[in-house]
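All remarks here apply to the structure that follows.
The values are calculated or read from the model by the stated rules, or taken from the named source; none is laboratory data. Note that the structure is a prediction, hence the values are computed from the model and not measured. Backbone-built Cβ (ideal geometry, glycine too); neighbour counts: all protein chains shown.
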């Protein structure tokens, strides 16, 4: 039969990017398109030891039996300790919800707060998958102007007044896609303004621990003047994305609403994955293993920066992140369409993501996002060389 | 700040039952309220061996790195083999989606098909958590009359004509909450009628393997006359609920829409949990371990049946299931409110679930659901004795 799909899903076909991504599984392709943490940094042996030990204990059944929607208490506790490093304080258990990765946290915020037609404010550009989630709730997404120090606060105020947003979504540290970090001063301004106008803010913070240079900045949450800011942490980039475990911290009544929403979505996060994560933290392994991985991230970022300056056309202006996974670039003043060009790049065995997909309004046709975390320095050299040649030809032939 | 919640969540507070369920964690309480598989049946040692072996392999990073939304190919393949036992045939990979437990499958069907105000047809009574999901999509839920052999087909036809449902949700084998199984003849009728009227059907089938008496009945899906029936299997009751792994099988375009929906919900199911499940199946362990657990389920069900006939008041009429986890009963002709009575039962250290919550329209005030799978025969004897005395007093005092 022909199924009649819901309005929220009717427009979501995931076609273009999806088809290209299938090509990326070809081994000869060097892909800078993904957002995977370095595979070398995954602590396989430690997780093997922990799962064997936990499954050997008398209460091992807890790893395999149903759990509560709110999450395994020890994990909630470890999340509470972990986020303190960025000035995020948790009053008690009712302020923490264990989630099945950051994606689910964005989804549950939307589920709890958004009606069809409500406005979400985001930085332009912002995390692609967040935009897709907002679309699935039939929200209006409005982009706020990016500034060198974070968000343009004047533009933010105008758009808050004009659109009366039900939610603001931000990635203030090593932003996806730009790799940019908001200054403490800018965070204070955001905190003040969103408290003043009563705008709920989701601070998505999966990358902050992956800082390989510069000074730590406390979370936006730490500057909050009301409990309108919700802080989201994820273990995907600092332990393992495959476990699908994260945590969300904030106002107890909102956390409770999200827990009720989560009950209908997946009942609870995998008990096995939760308990492995909690035990990894309890043993004090997280901090050292993240620290140990930072030189790898730094080296790869530097390799990409060098390759960019060596091979990319001079029109390519780009960020120089102090951490995280991404470099963001624009072919300044060039009227090119990086989405249309991608298949040709893939034919040359190198891939990026077109920047356009990170914009609420489809701008950014001449921008790209490059991921450096999951390719070797040699691959980065070869891949950026190929990409540079390709774009030089494109710009030269025009 | 005071958050303004979305319309879909405004009414969902999960209060009454939630507060009572907190009491159930007290160790002196014997609870027949849950839906947990027998803890003794969880194959802890085998899962320990498998996770150690998989995490020791050269490609162990796959258990910890990001995976595709559609799921681990080997698991999809195992799901395709598994469902054949009930006459469910899978054409190819595009007909299977790995899900994070059955709850997610219901959610993704709704996400793909339902707009606000659309009608979902269910059996009355049906799975409580499914009703909550339908409510979260602001659907109208209409109950169809239950019959001894399944669903009353005349009532089904009238309600299809009247309400033009966008979805029908059924648990045809060892139904939750009644423990009832539809006959093959009734399934044929449902298959014919829903194909004729073009009604998408979600067949939720987590319990079919837990048959300890009677003859196997093929899935509703196997009788389908069109591809309007979607079949959902779960590993929660036959391997481990804590892993949160299941599979959904059906029309490729619908499966794809669900995969796009899943991408926004949790990106993918825990890789570790998926690969452990796939390997457990690949080694041929599932069939024997489920078989080995059946005597335990049979014994507990029989213990509960005997205790019911010994202790419960004669007004209590109930089902006698051939498998699954639940006995369903009604205090026939008694004007009592089992929801209001539950706190008093809990004071006597025994718990059930009020049947009312399984009805679309809040009927069934004099019904209860009893779970026999997760209590010892001794606990069943003590608990049903206490429950019987309690209800005799209630009925006698009136």
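A few points about this structure:
- Any hit, region A:234-245, residues being more than 30 Å from residue B:274 (Cα to Cα) and in contact (Cβ under 8 Å) with a residue 12 or more places away in the chain: no
- Flag for residue A:230 being buried (at least 21 other Cβ atoms within 10 Å of the Cβ), within 14 Å of another protein chain (Cβ to nearest Cβ), under 22 Å from residue A:203 (Cα atoms) and under 20 Å from the mean Cα position of the chain (by Cα): yes
- Applying the criterion of being within 14 Å of another protein chain (Cβ to nearest Cβ) and either in contact (Cβ under 8 Å) with a residue 40 or more places away in the chain or in a loop (DSSP other than H, G, I, E, B) (or both) to the residues of region A:198-220, the residue that is farthest from the chain's Cα centre (by Cα) is A:198.
- Screening residue B:36 on (1) closer than 29 Å to residue B:293 by Cα; (2) within 8 Å of chain A (Cβ to nearest Cβ); (3) assigned to a helix (DSSP H, G or I) shows it passes everything except condition (3).
- The lone exception for residue A:81 - which of (1) in a helix (DSSP H, G or I); (2) more than 11 Å from chain B (Cβ to nearest Cβ); (3) at pLDDT below 95 it fails: (3)
- Restricting region A:58-72 to residues that are in contact with a helix residue (DSSP H, G or I) (Cβ under 9 Å, 6 or more places away or on another chain) and without any contact (Cβ under 8 Å) to a residue 40 or more places away in the chain, the residue that is farthest from residue B:101 (Cα to Cα): A:60
- Failed condition for residue B:14, given (1) at negative phi; (2) facing chain A (nearest Cβ under 8 Å); (3) at pLDDT below 95: (1)
- Residue B:130 vs. criteria at the interface with chain A (Cβ under 10 Å from one of its Cβ atoms) and farther than 20 Å from residue B:263 by Cα: yes
- Meets criteria (touching a strand residue (DSSP E or B) at 6+ places or on another chain (Cβ under 9 Å), surrounded by 16 or more Cβ atoms within 10 Å (Cβ to Cβ) and either part of a strand (DSSP E or B) or without any contact (Cβ under 8 Å) to a residue 12 or more places away in the chain (or both)) for residue A:308: no
- Matching residues, region B:91-126, being touching a strand residue (DSSP E or B) at 6+ places or on another chain (Cβ under 8 Å), more than 20 Å from residue B:275 (Cα to Cα) and more than 12 Å from every other protein chain (Cβ to nearest Cβ): B:119, B:120, B:121, B:122, B:123, B:124, B:125, B:126
- Exclusive hit being surrounded by fewer than 19 Cβ atoms within 10 Å (Cβ to Cβ) and either away from chain B (no Cβ under 11 Å) or in a loop (DSSP other than H, G, I, E, B) (or both), set A:288, A:241: A:288
- Any hit, region B:147-162, residues being closer than 19 Å to residue B:358 by Cα, out of contact with any strand residue (DSSP E or B) (no Cβ under 8 Å at 6 or more places or on another chain), surrounded by fewer than 18 Cβ atoms within 10 Å (Cβ to Cβ) and without any contact (Cβ under 8 Å) to a residue 12 or more places away in the chain: yes
- Flag for residue B:71 being more than 10 Å from chain A (Cβ to nearest Cβ) and in a loop (DSSP other than H, G, I, E, B): yes
- Condition met for residue B:45 (free of Cβ contacts under 8 Å to residues at least 40 places away in the same chain, within 30 Å of residue B:222 (Cα to Cα) and within 11 Å of chain A (Cβ to nearest Cβ)): no
- Failed item in (1) crowded, with 16+ Cβ neighbours inside 10 Å; (2) at pLDDT 95 or above; (3) more than 30 Å from residue A:46 (Cα to Cα), with residue B:8 passing the rest: (2)
Here's the yes/no breakdown for (1) in a helix (DSSP H, G or I); (2) under 23 Å from residue B:78 (Cβ atoms):
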| position | (1), (2) |
| --- | --- |
| B:104 | yes, yes |
| B:109 | yes, yes |
| B:129 | yes, no |
| B:132 | yes, no |
| B:138 | no, no |
| B:142 | no, no |
| B:145 | no, no |
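- Hits in region B:246-283 (condition: more than 8 Å from chain A (Cβ to nearest Cβ) and not in a helix (DSSP H, G or I)): B:246, B:247, B:248, B:249, B:250, B:283
- On the stretch given as region A:360-374, residues that are surrounded by 20 or more Cβ atoms within 10 Å (Cβ to Cβ) and under 24 Å from residue A:392 (Cβ atoms) total 8.
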